[in-house]
Every structure is written in structure tokens, then in C-alpha cells.
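**Q** Right, I'll just put the structure down here and ask away after.
Only the coordinates and a few stated rules stand behind these numbers; no lab work does. What you see is a predicted model, and the numbers here were worked out from it, not measured in a lab. Please note: Cβ atoms are built from the backbone with ideal geometry, for glycine as well, and neighbour counts cover all protein chains shown.
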């Protein structure tokens, strides 16, 4: 911790100290839950279009066999997202989704420029951070006492 004085900033409203102490562990599950839930917005159109349509799109992007990658994306963005939300097998699914986002960023979006790949790149970094941290407090991983 070089460069830090070690002093915490003083609260402008000291009466909030108790509240902050009670909710200080909620930041990580909140990030994990929101990240997982937001992935549903990406899988819903895939389910609506169907795996054959998604497979054709995957193959055009260079992901062959397209049907494998279509089902893998649909599985990760639904089952994997649900597991991240509840914190079950969190490291595995977050890492798998981070790899998916890296592939999308580098293979599909990069040729179109930074502003096209920025969103999936940021998602990949967020999911990678979740993979490093694991389920954390308030997760099924913690409740069962096991993590991958």
C-alpha cells in the first residue's frame, strides 16, 4: 500500500456509519447479480430466433461448427448467467463467459473498430473479475462450502 497514508476519509454525516457497516458486504453480490441478469438480454433474442439461425450467424463470423457455438452461447448466457446470479459454480461460468466475450471482442467486433468491441471487452473484463473473486458472500458456492 505504498503511497497511501492509511487514513480513511471522515464521513460528512457520521450518523450513516452504522448503515454503511451493515451494507458493506452487499457490493459484490450486487455486481454479480446484475452482471448475470443483464446477460439475459443477450440470450433472449437467441432463443427467439432459434439455434439454427444463430448457428448460421456464428458460422458467418468464423465460428465453426456454427451449431456448437450457437448452443454453447445459448447455454452460457442462460444457465451460466443464472449460476452467476445465484453464485453457483461461479468461477467456472464467469471464466467461460469471459472467454466468450473475448472471442466476440477479438474475432467479431475488433475488425469494426474499438467502439464496436468496447462493450463486449468491458463485459469480458467484468466477468473475468468475477471469475477471480468467485461467488463471494451470499452465494450458493459459499453455502455449500465448495468452489471450483
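**Q** Between 22, 32, 110, find the one with the highest GNM mean-square fluctuation for the chain; connect C-alpha pairs within less than 10 Å.
**A** Sorting by GNM fluctuation, first place goes to 22.
**Q** Round to a whole angstrom and tell me the spacing of the C-alpha centers of the range 1-63 and the range 113-139.
**A** One Cα centre to the other: 8 Å.
**Q** Next up: Mind telling me which of 111, 14, 29 comes out most flexible in a GNM of the chain, alpha-carbon contacts under 10 Å?
**A** 14
**Q** Any idea what angle helix 51-60 forms with the longest principal axis of the chain, computed on alpha-carbon atoms, 0 to 90 degrees, nearest 10?
**A** That helix lies at roughly 80 degrees to the long axis.
**Q** Please arrange 11, 103 by how many other C-beta atoms lie within 10 Å of their C-beta, fewest to most.
**A** By the 10 Å Cβ count, ascending: 11, 103.
**Q** Mind pulling the angle between the C-alpha long axis of helix 114-133 and the longest principal axis of the chain? Nearest 10 degrees, somewhere in 0 to 90.
**A** It is inclined by approximately 60 degrees.
**Q** Where does each of 86, 34 land when they are ranked from fewest to most other beta-carbon atoms within 10 angstrom?
**A** Starting with the residue having the fewest Cβ neighbours, the order is 34, 86.
**Q** Just want the ordering: 71, 20, from fewest to most Cβ atoms lying within 10 Å of their own Cβ.
**A** 20, 71
**Q** Ok, one more. Relative to the first principal axis of the alpha-carbon coordinates of the chain, what is the inclination of helix 66-75, with its axis defined by its Cα atoms, in degrees from 0 to 90 and to the nearest 10?
**A** It works out to around 30 degrees.
**Q** Taking each pair of distinct Cα atoms in the chain once, what is the resulting Kirkwood hydrodynamic radius in Å?
**A** About 17.2 Å for the chain.
**Q** Specify the residue with the greatest mean-square fluctuation among 23, 52, 79, computed from a Gaussian network of the chain linking alpha-carbon atoms under 10 Å apart.
**A** Looking only at 23, 52, 79, the biggest GNM fluctuation is shown by 23.
**Q** Right, next: Taking the simple approach of a point 7 Å from Cα along Cα-to-Cβ for both residue 24 and residue 60, what is their distance in nm?
**A** Going from the residue 24 label point to the residue 60 one covers 5.2 nm.
**Q** What is the distance, in nm, between label points placed 7 Å from the Cα along the Cα-to-Cβ direction at residue 106 and at residue 119?
**A** Placing both labels 7 Å along Cα→Cβ, they lie 2.2 nm apart.
**Q** Sticking with the crude label model, points 7 Å out along Cα→Cβ, report the distance from residue 143 to residue 10 in nm, one decimal please.
**A** For the pair residue 143/residue 10, the computed spacing is 4.3 nm.
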